[in-house]
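Step one of this worksheet: look at the structure below.
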Amino acid sequence: MIPAELIGSIPRTPELLAELSDFENGRLDGAAFAEAQGRATRETIERLEATGSPVVTDGEQAKPSFLTYPVEGLSDLADDGVVIPFADGHTRQLPRLTSGPFRGLNNKVLSRFTAAERARIGAYSGPGADQDSAHSLDVDYAELLPRLFKLTVGDFYLQLASEPDRAHVLAAIAEQLRPGIRVFVGVTDPLDPRVETVQEVRDRVLEAARHIPLEQLGTCDDAGFAPFADDTSTSRDVALAKIRARVEGTALAVQELGA
């Protein structure tokens, strides 16, 4: 079958967002906040299971953002890092690493794993989906993929549903595709408030299957639905409905392909 997996974040529960505000403003202690994160995580897992998703995660309920949580609390960070401007005018500022090494970091980290372990690791690329806005949608995948596919991982997750010319991107993927990897293509768009139909998802999967061998194809959402904890631009209900459409649309495409 063609595997279908989600990308990271599910919008936090309204209760968790309120408790996050209380925690940040000193009105809630750490133990009570951890308990609130646990409740949100359990609810998220239950709702993901209800969509039929074959992969279930915590939806990043306990993480401040998809990007900064691995370095949260490190001593060699400064808060004056790169500012990322989004198309709608808002910005996000990243932390800055103050001590080396500074080159070849991705594959240096990946070299700690065995080849079998690296085959189970994935890398994601997309133009951003924070507050329903992108930061680099104008970057051509044809420029990125030769470098991206050099990463020594088994899976690649690529935003695709929101691309204005999906056929061009799929052709670029086919040209750069190497043996031993699987490419998960985005078939739902978190920037679009409309929930895709199962038939739309099916058609996007069938389109991708014309360029990517089935044994190397998977589906995903274009991005996480709330990459930063305070992002409320997409509701939990809409996010989970899109995930259900992805799961069911992928299954429908598999049925038609006889995979």
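The values are calculated or read from the model by the stated rules, or taken from the named source; none is laboratory data. All figures in this text were calculated on a predicted structure; none of them were measured in a lab. Here the Cβ is made from the backbone with ideal geometry for all residues, glycine too, and neighbour counts use every protein chain on show. Surface areas here come from the heavy atoms of the whole protein model, side chains and all, with no ligands, DNA or RNA. Shrake-Rupley method; radii C 1.70, N 1.55, O 1.52, S 1.80 Å.
Of all aspartates and glutamates in the structure, those lying under 15 Å Cα to Cα from LYS108, and not within fewer than 8 positions of it along the same chain, are GLU117. Under the criterion of Cα pairs below 8 Å and six or more residues apart, the relative contact order for the chain equals 27 percent.
For the chain, what mean projected area does the convex hull of the alpha carbons give, in nm²? If you can, show how the numbers build up before the last one.
Values: hull surface 58.0 nm².
With the hull built on Cα positions only, its mean projection is 14.5 nm².
By a 1.4 Å probe calculation restricted to protein chains, ASP138 has an accessible surface near 140 Å², given to the nearest 10. Loop-located trypsin sites (Lys or Arg not before Pro) across segment 152-227 with a Cβ neighbour count of 10 or fewer within 10 Å are ARG194, ARG210, with loop assigned by DSSP.
Within the chain, what is the longest stretch that has no chymotrypsin sites (Phe, Trp or Tyr not before Pro) placed in a DSSP loop and near at most 14 other beta-carbon atoms within 10 Å? Here the longest segment lacking exposed loop sites spans 114-259. Across all Cα atoms of segment 107-254, the radius of gyration (one decimal) and Dmax (whole number) stand at 15.2, 42 Å. A Cα-only calculation for segment 157-235 places Rg and Dmax at 13.3, 39 Å.
Going through segment 1-39, which trypsin sites (Lys or Arg not before Pro) have at most 11 other Cβ atoms within 10 Å and a DSSP loop state?
Here the trypsin sites (Lys or Arg not before Pro) that fit, given the DSSP loop and packing criteria, are ARG27.
For trypsin sites (Lys or Arg not before Pro), the sites in segment 65-115 that DSSP calls loop and that have at most 11 other Cβ atoms within 10 Å are ARG103, ARG112.
Placing pseudo-labels 7 Å out from each Cα toward the beta carbon at ASN106 and ARG147 gives an inter-label distance of 0.8 nm.
Take the chain with all the other protein chains still there, run a 1.4 Å probe, and you get 51 Å² of accessible area per residue.
For the chain, the mean residue ellipticity at 222 nm estimated from helices alone is -11500 deg cm²/dmol, where every DSSP H run of n ≥ 4 contributes -39500 (n - 2.57) and the total is divided by all residues, rounded to the nearest 500.
With an 8 Å Cα cut-off and a minimum separation of 6 or more residues, compute the relative contact order for segment 10-139 in percent.
Values: 100 pairs, mean separation 19.9, N = 130.
The value is 15 percent.
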